[in-house]
Amino acid sequence: MSPADGSAVDVSWEANADLVVIGGGVAGLTAARAASLRGLKVLTVSKGGPTDTSTQYAQGGIAVVAPENDSVESHVHDTVEAGAGLCNEDAVRSIVSDGQAAVAALTDLGAVFDLGRDGAVSRTREGGHSTRRIIHAGGDATGAEVQRALNAAGLPVLFGASASRIVTGASGVSGLVVLSDNGFGVVHTPAVLLATGGCGQLYSCSTNPPGATADGIELALDAGATVADLEFVQFHPTVLFAAGGVGRRPLISEAVRGEGAKLLDTEGNSVTAGVHPLGDLAPRDVVSRAIADRMRVLGTDHVLLDARGVDDFATRFPTITASCLEAGIDPREQLIPVAPAAHYQCGGVVTDVHGRTRVAGLYAAGEVARTGLHGANRLASNSLLEGLVVGERAGIAAAERQGVAAEVTDVTHRPLPRMDRTALQLLMTRNASVVRDGAGLAEATVTLAAVGSTVPTTLREQEDTALTVTATALVLAAAARTESRGCHTRADCPTSDEAQRHSIEVHMDEAGELHASEPRLAGVH
Ligand code: FAD
Ligand code: SIN
């Protein structure tokens, strides 16, 4: 088999599966396990190694309602409030309600969460939460513990294998093209589940690992699925600042502020005083904007976090302590320089709360998916929760494709735009960052429209193609949203417009062109 467009890529191996899961983070491994337990022959592919995931780096924890002194309705309320009018409340309630069961399943797998002095599970607070409901592990190493427990479940994963195209036919998905050390291969399968994580590498500075290159967005668009809410990129307010620092930067968890640390500008004044009733624990978009504002007014490139009053800092936050000490800052005695950085993709591939997309046999879960849980701004620590809950459900849903015939007879790769990664990151950082405006977005649109199209044949080329396609879709949506809402702040349209309280969807046509849909009410299809 070779690509029908005439490029010189040969398919050198073939395999069969009931389900191929793309991604070995919290969503992918949870889905793979759920499907395997139901008797499906599951192949999981991951382009990185066992810990090359955003899951591995998660610090603060998992938002999950405590039965004694919290309620699902309170968690729903906080999530919807942070989501700035674009959450699907039914989806929120559905996902939040299954949080305890999902964490219990993880605990059964061997995950160990921190206990307080009273022997009960310890809970911290993060931005936008009205109560302490975030469970954590290893102090600030929650993701590493989640990843360890899932990796230890012993699911078969093909590491170093990158999904490069989803093949569809009359009855939906029929296979997946994969690039591995053995060259291109085809897996004949009626079901593919995207769990590819986020898009942090769109920006020069991010909390995300190098593999967060938005592959799932491009794969889904190419396969005929719809994406939505892409303009809502969450910038974490507090990433350890280093002059000129680019690439993955260490996170200073919001839980540090949950334990009492204060944000100060370089003149020693509170950054958030008078900005929001929750002050330094306001939702992330609010705090990131307040920091960007102080930096602009004072002409600085960072603000400061005073964590000197946090009890037992080094024990409670060992990962953060190590990162700070490595940078020559002792957080127990010195102020920590921090600045916002790209952190989380609130939008993604449009799914229902079981991970189903509009393409039969194509599922998505975790950060790549847009279930309606996050709306215009994700509430802290709702992401691991979503990965666990929707990952499980999507793995179960994929069983509905058993018995559907799947055979790939023709592999085609279509040429798509590909821009140099560094130039793309500079463009997105300059024109589509914490604060955007119409002129900057128009300039980005013109630059992206001029990029030439090619067929990617290496992993790096595939990633750069995914980043370029995703950037184009993001800028298209951001330019269309002429208001400020959640994580999308337009300097030229500073207020929210009730008439724009809807999601913007983007799809790809046969020629590979992207189109934004007519506005419609927020919610899953
Ligand atoms: P990931 O864990 O990112 O996994 C993606 C997988 O897909 C990887 O295995 C990758 O190799 C694979 N992949 C990607 N593309 C391809 C391809 N083309 N072919 C094959 N494989 C591919 N959330 C919280 O809820 N609480 C927190 O405390 C928290 N802290 C965070 C701290 C940091 C520093 C970061 C970066 C994120 C944090 N988040 C937190 C967000 C959360 O960690 C992520 O949203 C979540 O882990 C994503 O899980 P996932 O399974 O969707 O993707
Ligand atoms: C953090 O610990 O601040 C990150 C939590 C999250 O992104 O949900």
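How much mean residue ellipticity at 222 nm does the chain get from its helices, if each DSSP H run of length 4 or more adds -39500 (n - 2.57) and you divide by all residues, to the nearest 500 deg cm²/dmol?
Helix contribution divided over all residues of the chain: -9000 deg cm²/dmol.
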Against the 2.2 N^0.38 Å scaling, with N counting residues, where does segment 382-451 land? I'd like the Cα-based Rg ratio to two decimal places.
1.82
Counting only GluC sites (Glu not before Pro) that sit in a DSSP loop (anything but H, G, I, E, B) with at most 14 other Cβ atoms within 10 Å, what is the longest stretch of the chain containing none of them?
69-266
For segment 228-350, what's the relative contact order in percent, using C-alpha pairs closer than 8 Å and at least 6 residues apart?
42
Charge-dipole axis of the chain as Lys and Arg at +1 and Asp and Glu at -1 on Cβ define it, positive-most pick from S130, L115, H354
L115
Report the relative contact order of the chain, percent, no decimals, based on alpha-carbon pairs under 8 angstrom and at least 6 residues apart.
22
For segment 459-507 versus segment 262-288, the gap between their alpha-carbon centres in whole angstrom:
26
Kyte-Doolittle cut-off -0.5, length cut-off 30 Å along the helix's own axis using Cα: show which whole DSSP H helices in the chain pass.
459-480
Length-normalised contact order for segment 154-248 - Cα pairs under 8 Å, 6+ apart - percent
21
Once every Cα of segment 6-94 carries one equal point scatterer and solvent is ignored, give the base-10 log of I(q)/I(0) from the Debye formula at q = 0.16 Å⁻¹, two decimals.
-0.93
Ranking H507, T495, T468 by how far each Cα lies towards the positive end of the charge dipole of segment 452-520 (+1 on Lys and Arg Cβ, -1 on Asp and Glu Cβ), the top one is T495
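Just to confirm a number: summing +1 for Lys and Arg and -1 for Asp and Glu over residues other than E73 whose beta-carbon lies under 13 angstrom from that of E73, what do you get?
Charge balance near E73 sits at -2.
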Along each principal axis, Cα extent of segment 144-198, largest first, Å:
41, 26, 23
In the neighbourhood of R421 defined by beta carbon distances under 9 Å, the net charge of the other residues (Lys, Arg +1; Asp, Glu -1) is -2
Projected-area mean, segment 225-323, by convex hull of Cα positions, square nanometres:
8.3
What accessible area per residue comes out for the chain, rounded to a whole number of Å², with a 1.4 Å probe?
36
Calculated SAXS-style log₁₀ I(q)/I(0) at q = 0.12, 0.16 Å⁻¹ - segment 129-235, Debye, Cα scatterers:
-0.61, -1.00
Taking N as the number of residues in the chain, what is its alpha-carbon radius of gyration divided by 2.2 N^0.38 Å?
0.92
At a 1.4 Å probe radius, carbon and sulfur cover how many percent of the accessible area of the chain?
52
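The values are calculated or read from the model by the stated rules, or taken from the named source; none is laboratory data. These figures come from a predicted structure and were not determined experimentally. Note that we place each Cβ from the backbone using ideal geometry, even for glycine, and neighbour counts take in every protein chain shown. Just the protein is used for accessible areas: all its heavy atoms, side chains included, with ligands, DNA and RNA removed. Shrake-Rupley method; radii C 1.70, N 1.55, O 1.52, S 1.80 Å.
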